[in-house]
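What follows is a single structure, written as structure tokens, with notes after it.
Laboratory data are not the source of any read-out in this text; all were calculated from the coordinates shown. All of these numbers come straight from a predicted model, not from anything done at the bench. FYI the Cβ positions are ideal-geometry reconstructions off the backbone, even for glycines, and counts take in every protein chain you see.
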Amino acid sequence: MPSFRLGTRGSPLALAQAHMVRDALVAAHGWGVDDIEIVTVRTTGDRVQDRALAEIGGKALWTKELDRALLDHEIDCAVHSMKDVETVRPDSIAIAAVLPRADVRDRLIGAESIDALREGAVLGTSSPRRAAQMKRLRPDLEIVLFRGNIDTRLTKLAAGEADATLLAAAGLERLERPDIGTAIAIEELLPAPAQGIVGIEARASDADVMALLAAIDDVRTHACLRAERGLLATLRADCHSPVGALATIEGAILTLSAELLSEDGAHHVHAQQAGAPDDPELPRAVAFDLLDRAPEPVRRLFAA
């Protein structure tokens, strides 16, 4: 019988990430592959595909079933794409570890560049951030809702439901499809907070599991994740909030860049500050700087 149960959503990307975590645990602890059971949990976010997440409950639709399985001891830990995990989590659940961050960029599928999109092109996305950023760069674009896993969205694109879409480079790489589309520089499209980060959550009270998972934690990525999630917490951002953020570490310095946009992309504010990687005041300072300078159409989207 497997001795360790790893919970995950059932999408191809989620399963690929779960296998990454399994392989990391096997390497760290000298376990056999059969010592870890991958338990698939179907979430509401997987079942409901015809509406934007913000309309039907937000990011909790990706996590609540896994949270229940974790707290009911049906699994020992849960694997998540951290950009899909809501900022405020139950005290009984902790982020025990994160894997090294992958490519943070978005990839544009359907055109060679943002400028190459035809006048009035239709962009399919369910992300308020991507929609606002693209409208800021190309106000002529029409935005339509695209939900579903990577293959579902590519199928919609091939069927002509849109001229182009954006997908995370990290997800495409994990599915061994790194050559699809064109990577967009972060100077053009700042990524979503936590984009490219796979996280593993466990029961906060389970010291043994927390210790096992700590062995695969990437400390630098975890520091960047705390900064980006700290920014979101201060902003009280939710699924409706167009916000981009990226923390990077060079030497002993963490730099946090962030931007807020109005939903239509017409208004925008950017901030950047640097400091110690574990300074909790740094993301708060960036958030308050953004809010202090944000135009009213941007500020009203945030409850801080």
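Would you mind ranking Glu173, Glu281, Glu119 so that the residue whose beta carbon has the fewest other beta carbons within 10 Å leads the list?
Fewest to most other Cβ atoms nearby, the residues stand as Glu119, Glu281, Glu173.
Starting at 0 and stepping by 10 Å, how many percent of the alpha carbon pairs of the range 232-299 end up in each bin?
22, 52, 22, 4
Expressed as cubic angstrom per residue, what is the convex hull volume of the alpha carbon set of the chain?
Hull volume normalised by residue count: 129 Å³.
Can you tell me the orientation of helix 219-235 relative to the chain, as the angle in degrees between its alpha-carbon axis and the longest Cα principal axis, to the nearest 10?
The angle comes out at about 50 degrees.
Would you mind checking the tilt of helix 128-137 against the longest principal axis of the Cα atoms of the chain, expressed as 0 to 90 degrees and rounded to 10?
Between the helix axis and the principal axis of the chain, the angle is about 30 degrees.
Collect residues whose amide H, placed 1.01 Å from N in the peptide plane, falls under 5 Å from the amide H of Val243; neighbours closer than 5 in sequence don't count.
Answer set, sorted by chain and number: Arg129.
Just how large is the dipole of the range 106-184 about the Cα centre, in debye to the nearest 20, putting +1 at every Lys and Arg Cβ and -1 at every Asp and Glu Cβ?
340
Once amide H atoms are built 1.01 Å from N in the peptide plane, which residues 5 or more positions from Ala168, or in another chain, come under 5 Å H to H?
Sorted by chain and number, the residues that satisfy this are Arg107.
What Kirkwood hydrodynamic radius do you get for the range 131-278 when you take the inverse of the mean 1/r over all pairs of distinct Cα atoms, in Å?
Kirkwood radius, the range 131-278: 17.6 Å.
Show me, for the range 157-163, the HN-Hα J-couplings you get by feeding each phi into the Karplus relation (A = 6.51, B = -1.76, C = 1.60, θ = phi - 60°), rounded to Hz, glycine and proline as x.
Per-residue couplings from phi come out as 5, 5, 7, x, 6, 7, 7 Hz.
Quick one: angle between helix 60-71 and the longest Cα principal axis of the chain, in degrees between 0 and 90, rounded to 10, please.
10
So, with +1 on the Cβ of K and R and -1 on the Cβ of D and E, and no other charges, what is the size of the charge dipole of the range 159-304 about its Cα centre, to the nearest 20 debye?
340
If exposed trypsin sites (Lys or Arg not before Pro) are those in a DSSP loop with at most 14 other Cβ within 10 Å, what is the longest stretch of the chain that has none?
119-235
If I take every Cα pair under 8 Å that is 6 or more residues apart in the chain, average their sequence separation and divide by the length, what percent do I get for the relative contact order?
About 20 percent, as a whole number.
Select from Leu141, Val198, Ala69 the residue farthest towards the positive end of the dipole of the chain; place +1 on Cβ of Lys and Arg, -1 on Cβ of Asp and Glu, and compute about the Cα centre.
The residue sitting most towards the positive pole is Leu141.
Apply the Karplus curve 6.51 cos²θ - 1.76 cosθ + 1.60, θ = phi - 60°, to the phi angles in the range 290-301 and return the couplings in whole Hz, x for Gly and Pro.
4, 5, 4, 9, 6, x, 3, x, 8, 4, 5, 7
Hey, could you get me the Stokes-Einstein D for the range 70-201, Kirkwood radius over alpha-carbon pairs, 20 °C and 1.002 mPa s, rounded to whole µm² s⁻¹?
134
Enumerate the amide H contacts of Val144 below 5 Å, restricted to partners 5 or more residues apart or on another chain; note that Pro and chain-start residues carry no placed amide H.
Under 5 Å from the amide H of Val144 lie the amide H atoms of Leu123, Gly124, Thr125, each far enough along the sequence or on another chain.
In Å, what is the Rg of the alpha-carbon atoms in the range 106-184, and how long is Dmax?
11.5, 33
So between Thr248 and Ala16, what do we pick up on full extension, going 0.36 nm a residue minus the alpha carbon distance?
So the chain would gain 81.0 nm between Thr248 and Ala16.
Residue by residue through the range 174-188, which ³J(HN,Hα) values in whole Hz follow from phi under the Karplus form 6.51 cos²θ - 1.76 cosθ + 1.60 (θ = phi - 60°), with glycine and proline marked x?
Calculated HN-Hα couplings, in order: 5, 8, 6, 10, x, 9, 6, x, 10, 5, 9, 4, 5, 5, 8 Hz.
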